[in-house]
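Comments concern the structure below.
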Amino acid sequence: EKAGFEHFMMKEIHEQPKAVEDTIRSVVKDGTIDFSGVGMTEEDMRGIRQIYIVACGSAYHVGVAAQYVIEDMAKIPVRVELASEFRYRHPLLDPEGLVVVISQSGETADSLAALREAKSRGIKTLGIVNVVGSSIAREADNVFYTLAGPEIAVATTKAYSTQLIACYALAVQLAKVRGEIDDSQYAYYVAELETLPEKMQRIIGDKERIQWFAAKQAAAKDIFFIGRGIDYAISLEGSLKMKEISYIHSEAYAAGELKHGTISLIENGTLVIGVLTQQELYEKTVSNMVECKSRGAYLMGLTTYGNYNIEDTADFVVYVPKTDPHFATSLAVIPLQLMGYYVSVAKGLDVDKPRNLAKSVTVE
Ligand code: F6R
């Protein structure tokens with residue numbers, strides 16, 4: 001059942017290119033994105049004044065990435081919120097808004113409650129859900145089914161990756177329908193989406209290098225992940241993957257926030273992972289990495305091929321293929337999933353069933 005892999009998590013990491021490809025194929029036909037299966041018309045899309053993305057855990061991290069992508073491409077204001085906060089804060093909702101609930105299981109109690117709250121206020125809802133027929137899928141006005149297939153490992157990988165694709169497709173389609181991008185930009189984004197599975201495959205093919213590095217981190221006490229913009233969203237997910245399965249304390253910080261307190265935690269040898277996929281923010285994050293290094297940090301850089309001068313700063317570098325910067329999360333997250341996995345294995349932990357965690361959180 002693990003198809004020759006030692007753990008479900010590793011099997012599922014390897015299933016990502018296929019899961020992503022299947023999810024892309026479900027909405028992209030002959031170079032055109034088609035949301036009719038989701039049940040959203042172009043008219044619906046033109047009328048949206050505000051988007052609220054609501055989710056928990058890794059699905060929330062997808063929302064953080066999607067917020068940057070949708071606002072930048074489609075020019076619609078997006079607010080992303082933890083479902084457990086959304087449901088109790090009596091949110092002010094634009095009646096012409098769209099509430100997007102992202103959930104692998106479709107059963108997460110807080111996410112379901114958020115969906116019901118939105119519906120009771122008459123706000124349109126879209127579920128991005130993996131499990132067919134789950135509560136969120138049944139109750140949302142429209143559903144985008146991610147085609148990750150069953151996910152067994154508690155730590156999500158392939159479902160997360162397909163949730164990103166759903167959000168990218170939504171962003172590109174909204175941008176087109178609302179006239180924010182022209183036909184050639186649209187064709188470029190769709191074509192770029194279709195290159196992701198092959199690029200993901202290449203990153204997974206390099207896993208031994210991550211394994212070697214991860215094995216050396218098994219005794220780490222704290223790990224920090226830093227990045228700006230979409231690289232911050234990637235950092236959030238990298239940090240969660242690390243802490244949930246390796247039991248190493250880790251934090252993700254928007255790189256510019258470090259010096260507002262957290263940098264005092266950097267000691268000699270503390271691992272700081274700088275995520276640098278966004279070219280316009282590259283120099284800024286590098287300078288934050290240098291600040292950490294001068295306090296004794298040991299630096300890993302995660303960036304795209306071509307940024308070779310990172311080797312002047314970082315002690316260890318992982319390169320991922322280039323893609324459009326909006327879609328960078330899909331590629332950069334993979335080495336971080338592998339890092340969490342291999343640290344957990346090096347520590348001899350129960351990778352697929354980490355302590356205290358359940359696959360589906362049906363209590364609040
Ligand atoms: C982390 C993880 C969790 C889930 C969260 C939401 O690896 O799997 O953080 O992402 O519990 O679950 P769903 O997507 O089922 O609502």
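In this structure, is Glu6 open to solvent by 40 Å² or more (accessible area, probe 1.4 Å) and over 22 Å from Gln185 (Cα atoms)?
yes
State whether the residues of segment 343-350 include one that is assigned to a strand (DSSP E or B), free of Cβ contacts under 8 Å to residues at least 60 places away in the same chain and away from the ligand (no atom under 16 Å from the Cβ).
no
In segment 84-116, which residues are more than 16 Å from the ligand (Cβ to nearest atom) and either open to solvent by 10 Å² or more (accessible area, probe 1.4 Å) or polar (S, T, N, Q) (or both)?
Across segment 84-116, the qualifying residues are Tyr88, Arg89, His90, Leu92, Leu93, Asp94, Pro95, Glu96.
Examine segment 218-235 for a residue that is part of a helix (DSSP H, G or I), open to solvent by 30 Å² or more (accessible area, probe 1.4 Å) and not aromatic (Phe, Trp, Tyr), and state whether such a residue exists.
no
Identify the residue in segment 245-264 that is assigned to a helix (DSSP H, G or I) and over 20 Å from Leu336 (Cβ atoms) and, among all such residues, is most open to solvent (accessible area, probe 1.4 Å).
His260
For segment 26-43, give me each residue that is open to solvent by 50 Å² or more (accessible area, probe 1.4 Å) and touching a residue at least 40 places away in the same chain (Cβ under 8 Å).
Residues satisfying the conditions are Thr32, Glu42.
Which of (1) among the small types (Gly, Ala, Ser); (2) assigned to a loop (DSSP other than H, G, I, E, B); (3) within 12 Å of the ligand (Cβ to nearest atom) is the odd one out, the single condition Ala159 does not satisfy?
Here Ala159 clears every test but (2).
Take the residues of segment 310-342 that are free of Cβ contacts under 8 Å to residues at least 24 places away in the same chain and not β-branched (Val, Ile, Thr): which is nearest to the ligand (Cβ to nearest atom)?
Only one residue tops the list, namely Tyr319.
Looking at Ser330, Ser294, Ser287, which one is modelled with pLDDT of 95 or more, surrounded by 17 or more Cβ atoms within 10 Å (Cβ to Cβ) and among the hydroxyl-bearing types (Ser, Thr, Tyr)?
Ser330
Name the one entry in Glu237, Glu244 that is in contact (Cβ under 8 Å) with a residue 12 or more places away in the chain and touching a His at 6+ places or on another chain (Cβ under 6 Å).
None of the others qualify; the one that does is Glu237.
Go over the candidates Gly179, Gly122, Gly149, Gly127 one by one and state the one that is open to solvent by less than 10 Å² (accessible area, probe 1.4 Å) and either in contact with a Lys or Arg (Cβ under 9 Å, 6 or more places away or on another chain) or at pLDDT 95 or above (or both).
Of Gly179, Gly122, Gly149, Gly127, the one residue that is open to solvent by less than 10 Å² (accessible area, probe 1.4 Å) and either in contact with a Lys or Arg (Cβ under 9 Å, 6 or more places away or on another chain) or at pLDDT 95 or above (or both) is Gly127.
The values are calculated or read from the model by the stated rules, or taken from the named source; none is laboratory data. These numbers come from a predicted model, not from an experiment. Using ideal geometry, Cβ is built from the backbone for each residue, glycine included, and neighbour counts are taken over all protein chains shown. Each accessible area value is taken on the protein alone, full model and side chains, heavy atoms only, with ligands, DNA and RNA left out. Shrake-Rupley method; radii C 1.70, N 1.55, O 1.52, S 1.80 Å.
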